[in-house]
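Right, one structure below, let's go through it.
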Protein chains: 2
Amino acid sequence: MVVVRDARHPDLGEITLTEVMAALSDPIRVGLLRLLSDGRERGWGELRAPLSKSTLSHHLRVLRNAGLTRTRQEGTRCYVQLRRDDLQARFPGLLDAVLAAANSDDVGSQVSLATDPQPPGVVRATG
Amino acid sequence: MVVVRDARHPDLGEITLTEVMAALSDPIRVGLLRLLSDGRERGWGELRAPLSKSTLSHHLRVLRNAGLTRTRQEGTRCYVQLRRDDLQARFPGLLDAVLAAANSDDVGSQVSLATDPQPPGVVRATG
DNA sequence: TTCGATGTTTTACGAACATCGAACAAAGCG
DNA sequence: CGCTTTGTTCGATGTTCGTAAAACATCGAA
């Protein structure tokens, strides 16, 4: 469902280091984080990964529950955003260091953004 | 055995971000890292944790295999040391950020150093 | 209200992990 | 050569994780 029942967005104080580290111990999730690293909000449909949608949903939930991302719902669509400022406040320098490391090693490059902003199967107005 | 057969100390280039993150997703291991954070070499017997020695050995191996620590053997004893410089070279700023975060949250406080340099059970000269 | 699109949750399963006790191995001592 | 000390490795066990298929829930449109 689009209603994210379990969408616990932990408060700053609820974010734990070990949970953050665990969330970032998977290349897919690091790749997702890299895509979100510019702080811009991204649509679920923009995310491309060699995974089933249920698995992708799972990874996004792990990131969300760890406090790394925020999920917003708009109509049928979902949008994800990195919680940059919150993380910087909670664990200063950590996110930057991880992103720098991830970029230098190209971790999670399997994850990408759809080049076409439209999700596949979207019927654009033909007339 | 004291001979650490599986003691793979990965080269700089072999250290991966996700393996490092995975290694640090456990409070015990973060606690061990904190104890080693001053860069001084510590004896196995100095380490106190609410774990069986086999489990402690396991955690130390995870840290070693991830490239976070180096293990040296001297006689019957083993000594562990944090690979500060290597990590700083491989992933600049990462270790410092993690240690700062771990300290601010007191992660892994269950792990400590023996106050008495003698391991427990050591029979000191009684006469 | 029925249908289609979009994600989420459930369920299931193999792999990986944390843990412990016991067996083992190497170094040093007597 | 035995015995002790010091860790490591080997099962065994229960838990968590990554993955996908399928069922479900919600929104928007017809």
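Side notes on the structure shown:
- Screening the stretch A:53-76 for residues that are touching a Phe, Trp or Tyr at 6+ places or on another chain (Cβ under 8 Å) and open to solvent by 50 Å² or more (accessible area, probe 1.4 Å) and picking the one that is nearest to DNA strand C (Cβ to nearest atom) gives A:GLN73.
- Qualifying position, being within 14 Å of chain B (Cβ to nearest Cβ) and touching a Lys or Arg at 6+ places or on another chain (Cβ under 6 Å), among A:ALA102, A:ALA114, A:ALA97, A:ALA66: A:ALA102
- If you go through the stretch A:59-92 and keep only what is in a strand (DSSP E or B) and either polar (S, T, N, Q) or under 15 Å from the mean Cα position of the chain (by Cα) (or both), you end up with A:THR69, A:ARG70, A:THR71, A:ARG72, A:GLN73, A:ARG77, A:CYS78, A:TYR79, A:VAL80, A:GLN81, A:LEU82.
- So A:LEU56, is it near DNA strand D (Cβ under 8 Å from one of its atoms) and part of a helix (DSSP H, G or I): yes
- Any hit, the stretch B:28-46, residues being free of Cβ contacts under 8 Å to residues at least 24 places away in the same chain, more than 16 Å from DNA strand C (Cβ to nearest atom) and within 14 Å of chain A (Cβ to nearest Cβ): no
- Applying the condition of being part of a helix (DSSP H, G or I) and surrounded by 21 or more Cβ atoms within 10 Å (Cβ to Cβ) to the stretch B:32-52 and asking which residue is nearest to DNA strand D (Cβ to nearest atom) yields B:LEU32.
- Within the stretch A:5-31, the set of residues being near DNA strand D (Cβ under 8 Å from one of its atoms) and either open to solvent by 70 Å² or more (accessible area, probe 1.4 Å) or of a type in the set (Ser, Thr, Tyr) (or both) comprises A:ARG5, A:SER25.
The values are calculated or read from the model by the stated rules, or taken from the named source; none is laboratory data. Worth saying up front: this structure is predicted, and the values here are computed from it rather than measured. Here the Cβ is made from the backbone with ideal geometry for all residues, glycine too, and neighbour counts use every protein chain on show. Keep in mind that these areas ignore ligands, DNA and RNA; they rest on the heavy atoms of the full protein, side chains included. Shrake-Rupley method; radii C 1.70, N 1.55, O 1.52, S 1.80 Å.
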